[in-house]
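Working notes for the structure below.
The values are calculated or read from the model by the stated rules, or taken from the named source; none is laboratory data. Everything quoted here is computed from the prediction, not taken from an experiment. Glycine gets a Cβ as well: all are built from the backbone with ideal geometry, and neighbour counts include every protein chain shown.
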Amino acid sequence: MLVVLTGIPGAGKTTVAKKAMSILETQGIKYNLVTYGDVMIEIAKSKNLAQDRDEMRKLKLEEQREIQRLAAKSIAEMSVTQNIVLDTHCTIKTPKGYLPGLPEWVLRELKPDIILIIESTPEEIAQRRQGDATRTRDVELEDEIRLHQEMNRSIAVAYSVFTGATVRIIQNPQNRIGSAVNEMIELLKF
C-alpha cells in the first residue's frame with residue numbers, strides 16, 4: 001500500500017505519522033516512512049548531479065524533473081513489497097503562487113492508494129510555527145494558512161482524479177494528537 005501523506009508546515013503530519021506507525025508496528029502492521037525529497041537527493045547524488053537539496057534546486061529543470069520521475073518510480077517499486085507512507089508536500093507556496101508538489105507524471109508513476117492530509121486550525125499552526133525554534137519558517141497570517149490548506153484540499157482532489165486514490169483529511173487539534181493518531185491507525189489497518 002502507498003499512502004501519500006501531506007499537510008502544510010506546522011500541521012503535525014510527520015509527528016502524527018511516526019506515532020501512528022509506531023503503534024501499528026506493535027500490532028504487527030509495518031509501514032515505512034519515506035520522505036520524497038530524501039529519495040530525490042539520493043538519486044541526484046548517485047548520478048553526481050548534486051550533493052544536497054540546495055544544489056539540486058539549481059539543476060536544469062529537465063534534470064530536476066527526471067530526478068523527480070525516477071524518485072516516483074523507485075518509491076512505487078518499494079510499495080510493491082512493503083507498505084509506504086510517503087511524506088511530501090501537496091502544494092508548495094512560492095512567490096508566484098501555489099505549485100503542485102506531485103505533478104501529473106509523478107502521480108502516474110506513484111499510483112497511490114490513499115492521499116492523506118493532516119490539518120489543524122490556522123491559529124494552532126501559527127502558534128506551533130512560532131514556538132518551533134528548530135525551523136526557519138515564513139511568517140504567514142492565519143488567513144494565508146487557511147488558504148494554503150484549502151489549496152491542499154483542492155489539489156488532493158485533483159490528484160485523486162489522476163490516480164483513483166481516496167482522499168482523507170485528519171484533524172490534528174492542539175494537545176489532542178491522540179485523536180489524530182488513532183484515526184490514522186484505523187485508516188492504515190488492512
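Looking at the structure I just gave you, is M40 aliphatic (A, V, I, L, M), within 25 Å of G164 (Cα to Cα), in contact with a helix residue (DSSP H, G or I) (Cβ under 8 Å, 6 or more places away or on another chain) and without any contact (Cβ under 8 Å) to a residue 60 or more places away in the chain? Yes. Any idea which residue in the stretch 80-113 is farthest from the chain's Cα centre (by Cα), counting only those that are of a type in the set (K, R) and within 28 Å of K189 (Cα to Cα)? So, considering only residues that are of a type in the set (K, R) and within 28 Å of K189 (Cα to Cα), the one farthest from the chain's Cα centre (by Cα) is R108.
Every listed requirement among (1) surrounded by fewer than 16 Cβ atoms within 10 Å (Cβ to Cβ); (2) in contact (Cβ under 8 Å) with a residue 60 or more places away in the chain; (3) of a type in the set (A, V, I, L, M) is met by L141 save one, (2). When every residue of the stretch 48-71 is checked against the conditions, none turns out to be surrounded by 14 or more Cβ atoms within 10 Å (Cβ to Cβ), touching a residue at least 60 places away in the same chain (Cβ under 8 Å) and either in a strand (DSSP E or B) or not aliphatic (A, V, I, L, M) (or both).
Condition first: within 26 Å of G131 (Cα to Cα) and modelled with pLDDT under 95. Now tell me which residues in the stretch 152-175 satisfy that.
If the condition is that a residue be within 26 Å of G131 (Cα to Cα) and modelled with pLDDT under 95, then P173, Q174, N175 are the ones that fit.
In the stretch 115-128, the residues that are of a type in the set (G, A, S) reach residues that are assigned to a helix (DSSP H, G or I) with C-beta atoms within less than 8 angstrom, at least six apart or across chains, in these pairs: S120/R128; A126/E142; A126/I145. Applying the selection to the stretch 72-84, what residues are hydrophobic (A, V, I, L, M, F, W, C) and part of a helix (DSSP H, G or I)? Scanning the stretch 72-84 gives A72, I75, A76, M78, V80.
Looking at the stretch 123-150, which of its residues are β-branched (V, I, T) and at pLDDT 85 or above? Correct list: I125, I145. Of the residues making up the stretch 9-30, those that are under 26 Å from I125 (Cβ atoms) and out of contact with any Asp or Glu (no Cβ under 8 Å at 6 or more places or on another chain) are P9, G12, T15, V16, K18, K19, A20, M21, S22, I23, L24.
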